[in-house]
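Written below as structure tokens is the structure these notes are about.
The values are calculated or read from the model by the stated rules, or taken from the named source; none is laboratory data. Just so you know, these numbers come straight off a predicted model, no measurement behind them. Note that we place each Cβ from the backbone using ideal geometry, even for glycine, and neighbour counts take in every protein chain shown.
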Amino acid sequence: MTVIDVNVEQDSTVEVSKGKNGLVRTGGAVAALVGVLAILPSVLSPFNLIFAAQILIYATVALSLQLLWGRAGQLSFGQAAFFGIGAYSYAIVGTRYDIGGWLSVGIAVAVPVLMAFVLGYFLFFGKVRDAYFSIVTLAFVLIANQVVISWRSVTGGDTGLTRVPGLVLPFGAFSIDFSTRNGRYYLAATVLLVGLLVLLWVRSSSFGLVLEAIRDDENRAAFLGYNTSWYLTAAFTLSAAIAGLAGGMFASVSTLAAPDMLDQFLSIQILTWVAIGGRNYLAGALVGTVIMRILSDQISSFLTDSWPLVVGLFFIIVVLAFPQGIVGELTRIKNRNVARLGGRRANVSPK
Amino acid sequence: MSAPSKTSPSLVLESVTVKFGGLTVLDDLSLEFGHSPISSLIGPNGAGKTTVFNTFSGIVEPTTGRLLLDGEDITGRSPIDIARAGVVRKFQVPTVFHGITVADNLKIAVDAPRERSLRQQEGSAQSWEPTDVAKQFGLMSKMNALASELSHGERQWLEIGMAFLAHPRFLLLDEPAAGLGPEESTHTADLIKNISEHCKTIVIEHDMKFIRELGGDVTVLHQGQLLRHGSMEEIESDQVVRDVYLGREANA
């Protein structure tokens with residue numbers, strides 16, 4: 001990262017996420033998140049702990065969509081496809097071939113990565129972008145869902161695969177058992193942190209910067225010499241890797257793989273979490289997922305069938321009121337206050 | 001592949017014809033740039049000026065004819081490959097990355113991938129850093145601002161600065177003074193003159209005063225063909241040019 005060594009008055013609307021201050025603040029935010037994650041097992045009931053574990057994994061998928069939609073500007077309706085393919089890959093090798101440990105994690109990532117690379121390569125090098133890209137990804141999740149439901153001998157059809165084994169990861173001489181109740185929660189928390197750290201790296205890297213440039217104006221980036229199709233293919237593949245990891249671990253935590261982990265309804269839900277939280281922010285994906293999952297759960301407990309209507313209405317209201325999402329709105333308010341305070345301070349003590 | 005020569009670089013259209021459907025936009029046109037640090041391309045609307053740039057940057061492939069960079073045939077190469085070979089352009093409408101900071105815009109430009117021969121041929125233009133360009137272009141106080149917060153003029157300068165940072169051998173500037181006030185326009189001409197000491201610069205402009213300020217040689221296109229080539233004084237005193245182009249402006 002280029003360090004610009006000049007003293008300039010801080011502009012009011014700029015997100016200051018770069019440089020030394022940004023690093024300290026990001027580190028602080030991650031440390032706070034780790035703290036909260038560490039406390040949850042001692043305050044939540046066993047039932048709620050598994051619910052929390054599922055939310056953390058859903059938040060990881062939301063983060064993976066934020067990379068593609070917020071940073072690279074390509075809205076995918078296919079996120080649940082890679083999530084579900086990860087879940088089924090893990091479940092199939094676990095239940096049918098008795099494969100576990102690191103290999104099963106690797107397979108849960110590798111299968112969606114391979115599919116995303118092939119699909120992404122042909123889409124992006126075929127100049128498919130924006131709305132057309134979204135439509136193709138929607139078709140992809142519909143097809144994948146149909147395959148999962150029809151291919152009974154392998155996927156278990158409508159009922160899916162049950163009694164999926166939990167995960168035990170060997171580390172040299174000893175191993176960590178992620179199949180216990182608390183273990184499953186810690187697995188989910190680890191998945192979230194791994195996904196978050198990868199995406200924080202992307203945010204600070206020149207790869208991430210070029211993705212933002214492509215989002216803003218792909219032609220300008222290409223005419224500077226950047227092979228934008230490769231960048232988008234890479235973003236799509238990385239996004240699928242994180243979604244697949246999340247899906248595989250979701251199967252492990254929930255001990256099952258079912259068609260509703262791989263359908264357009266889940267894809268659209270992921271999209272609403274990111275939009276409500278704020279698609280331009282990693283924190284937005286986290287906040288949006290937590291709020292929407294808890295809200296959906298609460299509403300569905302008394303509106304068993306019609307809860308999606310209420311959640312959908314809530315989504316429309318939030319997006320109309322705060323087009324930049326909750327985190328976007330909070331950032332705007334904070335920047336405005338900083339600007340006001342900064343101005344006052346400047347008046348009190350002029351240089 | 002020919003090694004990059006130490007002699008003056010050259011960018012050449014060789015008998016290029018470009019047809020869009022039945023319409024001939026460039027008509028057996030041969031042009032050579034590189035002798036003068038600054039060259040201006042003028043001509044009435046529809047003369048084919050922007051099509052010349054589009055051909056140089058690989059957007060438009062010639063129907064017939066060849067495109068040569070330092071003697072090497074680059075006809076049919078993709079815009080990305082041509083940019084990597086060192087032909088970088090600024091668009092007619094200022095085109096910057098609006099959602100990221102000015103500093104990041106410049107960083108992306110200076111980090112742009114280049115052919116190895118161009119990296120090795122480290123001339124004076126190659127050693128420029130984003131801060132040098134920001135100082136030159138008066139963008140230093142805006143480094144942490146989003147590009148979307150810049151004024152129109154600042155955006156023009158940012159895009160010129162970006163194109164300059166991207167290790168160009170040839171810099172193609174399409175209407176760099178469009179929409180600028182007289183003072184901004186003069187400032188822009190000075191900037192381009194400074195730049196042209198480091199890389200060959202080709203400018204499309206309508207503003208005759210701006211081209212006079214730039215100096216350098218002038219190429220006049222008319223209906224896809226070369227009408228005249230010479231210094232600004234020669235061009236301005238040329239009766240044919242006055243008739244097809246300048247006269248119309250004088251009468252207006």
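Here segment B:165-181 is the region considered, the condition is being in contact (Cβ under 8 Å) with a residue 60 or more places away in the chain and either hydrophobic (A, V, I, L, M, F, W, C) or assigned to a helix (DSSP H, G or I) (or both), and the residue that is surrounded by the fewest Cβ atoms within 10 Å (Cβ to Cβ) is B:A178.
I'd like to verify a number: residues in segment A:80-128 that are of a type in the set (D, E) and crowded, with 21+ Cβ neighbours inside 10 Å, how many? Spell out how you get there, then give the answer.
Step one: list which residues in segment A:80-128 are of a type in the set (D, E), which gives A:98.
Checking which are crowded, with 21+ Cβ neighbours inside 10 Å leaves us with none.
So the answer is 0.
Looking at A:T155, is it under 22 Å from the mean Cα position of the chain (by Cα), within 20 Å of A:F265 (Cβ to Cβ) and surrounded by 12 or more Cβ atoms within 10 Å (Cβ to Cβ)? Criteria not met by A:T155. On inspection, B:T64 qualifies as more than 25 Å from A:W230 (Cβ to Cβ), of a type outside the set (A, V, I, L, M, F, W, C) and in contact with a Ser or Thr (Cβ under 8 Å, 6 or more places away or on another chain). Check segment B:151-164 and report whether any residue there is in contact (Cβ under 8 Å) with a residue 12 or more places away in the chain, within 14 Å of chain A (Cβ to nearest Cβ) and more than 25 Å from A:T228 (Cα to Cα). Taking every residue of segment B:151-164 in turn, at least one turns out to be in contact (Cβ under 8 Å) with a residue 12 or more places away in the chain, within 14 Å of chain A (Cβ to nearest Cβ) and more than 25 Å from A:T228 (Cα to Cα).
Checked against the criterion of being at pLDDT 90 or above, among the acidic types (D, E) and at positive phi, segment B:29-37 contains not a single residue that satisfies it.
This table checks each residue for (1) among the polar types (S, T, N, Q); (2) buried (at least 18 other Cβ atoms within 10 Å of the Cβ); (3) not in a helix (DSSP H, G or I).
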{"position": "B:L26", "(1), (2), (3)": "no, yes, yes"}
{"position": "B:L29", "(1), (2), (3)": "no, yes, yes"}
{"position": "B:S39", "(1), (2), (3)": "yes, yes, yes"}
{"position": "B:E61", "(1), (2), (3)": "no, no, yes"}
{"position": "B:L67", "(1), (2), (3)": "no, yes, yes"}
{"position": "B:R77", "(1), (2), (3)": "no, yes, yes"}
{"position": "B:I80", "(1), (2), (3)": "no, yes, no"}
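Looking across B:P94, B:P168, one residue alone is more than 9 Å from chain A (Cβ to nearest Cβ), in contact with a Cys (Cβ under 9 Å, 6 or more places away or on another chain) and at pLDDT below 95. It is B:P168.
I'm trying to understand the selection: among the residues of segment A:296-321, which are aliphatic (A, V, I, L, M) and buried (at least 16 other Cβ atoms within 10 Å of the Cβ)? Of everything in segment A:296-321, those that are aliphatic (A, V, I, L, M) and buried (at least 16 other Cβ atoms within 10 Å of the Cβ) turn out to be A:I299, A:V311, A:V318.
With respect to B:D111, determine if the residue is in contact with a Lys or Arg (Cβ under 7 Å, 6 or more places away or on another chain), under 23 Å from B:I80 (Cα atoms) and modelled with pLDDT of 90 or more. Don't jump to the end; show me each part of the working.
Values: in contact with a Lys or Arg (Cβ under 7 Å, 6 or more places away or on another chain): no; under 23 Å from B:I80 (Cα atoms): yes; modelled with pLDDT of 90 or more: yes.
No.
Count, please, the residues in segment B:147-166 that happen to be closer than 8 Å to B:V102 by Cβ and touching a Gly at 6+ places or on another chain (Cβ under 8 Å). Talk me through it step by step, then tell me what you get.
Taking segment B:147-166 first, the residues closer than 8 Å to B:V102 by Cβ are B:147, B:150, B:158.
Now narrow it down to the ones that are touching a Gly at 6+ places or on another chain (Cβ under 8 Å): B:147.
Result for segment B:147-166: 1.
Residue count for segment A:211-257 under the criterion of being part of a helix (DSSP H, G or I), over 13 Å from A:L68 (Cα atoms), within 14 Å of chain B (Cβ to nearest Cβ) and out of contact with any Phe, Trp or Tyr (no Cβ under 7 Å at 6 or more places or on another chain): the result is 7. Return yes when A:G208 is crowded, with 18+ Cβ neighbours inside 10 Å, assigned to a loop (DSSP other than H, G, I, E, B) and within 14 Å of another protein chain (Cβ to nearest Cβ) and no when it is not. No: the conditions fail for A:G208.
Based on this model, can you work out whether B:D73 counts as touching a strand residue (DSSP E or B) at 6+ places or on another chain (Cβ under 7 Å), free of Cβ contacts under 8 Å to residues at least 12 places away in the same chain and more than 27 Å from B:F210 (Cα to Cα)? For B:D73, the condition - touching a strand residue (DSSP E or B) at 6+ places or on another chain (Cβ under 7 Å), free of Cβ contacts under 8 Å to residues at least 12 places away in the same chain and more than 27 Å from B:F210 (Cα to Cα) - is met.
Under the condition of being within 21 Å of the chain's Cα centre (by Cα), within 11 Å of B:G224 (Cα to Cα) and β-branched (V, I, T), the residues counted in segment B:17-38 number 3. Hey, does segment B:41-55 have a residue that's assigned to a loop (DSSP other than H, G, I, E, B), over 11 Å from B:L226 (Cα atoms) and within 14 Å of chain A (Cβ to nearest Cβ)? No, because not a single residue in segment B:41-55 is assigned to a loop (DSSP other than H, G, I, E, B), over 11 Å from B:L226 (Cα atoms) and within 14 Å of chain A (Cβ to nearest Cβ).
Under the condition of being within 15 Å of B:L171 (Cα to Cα) and β-branched (V, I, T), the residues counted in segment B:44-79 number 3. Among the residues of segment B:209-241, those that are of a type in the set (G, A, S) and either closer than 23 Å to B:V16 by Cα or touching a residue at least 60 places away in the same chain (Cβ under 8 Å) (or both) comprise B:G215, B:G216, B:G224, B:G230.
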